[in-house]
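Report on one structure; see the data block that follows.
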Amino acid sequence: MVQVYLNNTWVWVCDQHWDKQDADVVCRELGYTGTSVISSGLAYVQGNDSLWINSVQCIGNESSFAFCAHDVWTNGSCQNAGVVCNGPEGIMS
């Protein structure tokens, strides 16, 4: 499951419109070379204390996930986006 730290807050990333370009940016920011697998619907996060973003739309060349377009953060529920990253020595997760 993907959770990112934006504007001093941890937020879940929902799987709506989640694709390889989005996952590549996350993996690169973590120091990996790219993605080997993207997934969606991993878990259902719910509750008023869960902040999440959806409809993430990275071009794929952003230096940080913070520069990717996304819908407004909100309290609510969603199904999580997921990724397995490729590292210089094989597959990492």
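The values are calculated or read from the model by the stated rules, or taken from the named source; none is laboratory data. A quick note: this is a predicted structure, and the numbers were derived from the prediction, not measured. Please note: Cβ atoms are built from the backbone with ideal geometry, for glycine as well, and neighbour counts cover all protein chains shown. Each accessible area value is taken on the protein alone, full model and side chains, heavy atoms only, with ligands, DNA and RNA left out. Shrake-Rupley method; radii C 1.70, N 1.55, O 1.52, S 1.80 Å.
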Any idea which residue in the stretch 52-61 is farthest from Thr33 (Cα to Cα), counting only those that are open to solvent by less than 20 Å² (accessible area, probe 1.4 Å) and either at pLDDT 90 or above or touching a strand residue (DSSP E or B) at 6+ places or on another chain (Cβ under 7 Å) (or both)? Ile53
Residues of the stretch 54-75 classified as polar (S, T, N, Q) and outside any loop (DSSP other than H, G, I, E, B), total: 3
State which residue pairs qualify: first residue in a helix (DSSP H, G or I) and inside the stretch 8-25, second residue among the acidic types (Asp, Glu) in any location, beta carbons under 6 Å apart, and separation of 6 or more residues or different chains. Val25/Glu62
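Yes/no per residue for (1) open to solvent by less than 90 Å² (accessible area, probe 1.4 Å); (2) modelled with pLDDT under 90:
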| site | (1), (2) |
| --- | --- |
| Asp24 | yes, no |
| Thr33 | no, yes |
| Gly41 | yes, yes |
| Cys68 | yes, no |
| Asp71 | yes, yes |
| Cys85 | yes, yes |
| Pro88 | no, yes |
